[in-house]
1. Taking only the stretch 10-61 into account, find how many residues are under 21 Å from K77 (Cβ atoms) and either of a type in the set (D, E, K, R) or in a loop (DSSP other than H, G, I, E, B) (or both).
2. For residues in the stretch 69-86 being in a loop (DSSP other than H, G, I, E, B) and exposed (fewer than 14 other Cβ atoms within 10 Å of the Cβ), which is modelled with the lowest pLDDT?
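The values are calculated or read from the model by the stated rules, or taken from the named source; none is laboratory data. Model, not experiment: these values are computed from the prediction. Cβ placement follows ideal geometry from the backbone for every residue including glycine, while neighbour counts extend to all protein chains displayed.
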Amino acid sequence: MITLNVSALYDMGAGLIDEDAYAESARALVGKGQDVILRGTAPVWLYLVVLRALYDRAANLWYDSPEEGPVLIFSRKPSAIEPGRE
């Protein structure tokens, strides 16, 4: 399981001009076939860029909601379970 802090993908302020660089950084950090949890403070559009970049790479992808905990965004496994629960 890999936790990706989306806010770590940019320095001062996220800009759409760097969209491809953010996507490539996310792909490099995650690899293929991993379970991924996204967290951190970032613009909604940046979360969507990362989601699109990882869609063909991650086995399961969650968003770690501060209020609700892990929320499953998509799964490539029929029996995806909440992270940390076996």
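1. Going through the stretch 10-61, the residues under 21 Å from K77 (Cβ atoms) turn out to be 26-27, 29-39, 50-61.
Next, only the ones that are either of a type in the set (D, E, K, R) or in a loop (DSSP other than H, G, I, E, B) (or both) stay: 27, 31-35, 39, 52, 55-59.
Of the residues in that region, 13 qualify.
2. Narrowing the stretch 69-86 to residues in a loop (DSSP other than H, G, I, E, B): 76-86.
If we keep only those that are exposed (fewer than 14 other Cβ atoms within 10 Å of the Cβ) too, we end up with 77-79, 81-82, 84-86.
Numbers: K77: 74, P78: 64, S79: 63, I81: 64, E82: 62, G84: 58, R85: 56, E86: 48.
Taking the candidates together, the pick is E86.
Residue by residue, here is whether (1) without any contact (Cβ under 8 Å) to a residue 24 or more places away in the chain; (2) surrounded by fewer than 19 Cβ atoms within 10 Å (Cβ to Cβ); (3) on the phi > 0 side of the Ramachandran plot holds:
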{"residue": "S7", "(1), (2), (3)": "no, yes, no"}
{"residue": "G13", "(1), (2), (3)": "yes, yes, no"}
{"residue": "E19", "(1), (2), (3)": "no, yes, no"}
{"residue": "R27", "(1), (2), (3)": "no, yes, no"}
{"residue": "V44", "(1), (2), (3)": "yes, yes, no"}
{"residue": "V49", "(1), (2), (3)": "no, no, no"}
{"residue": "D56", "(1), (2), (3)": "yes, yes, no"}
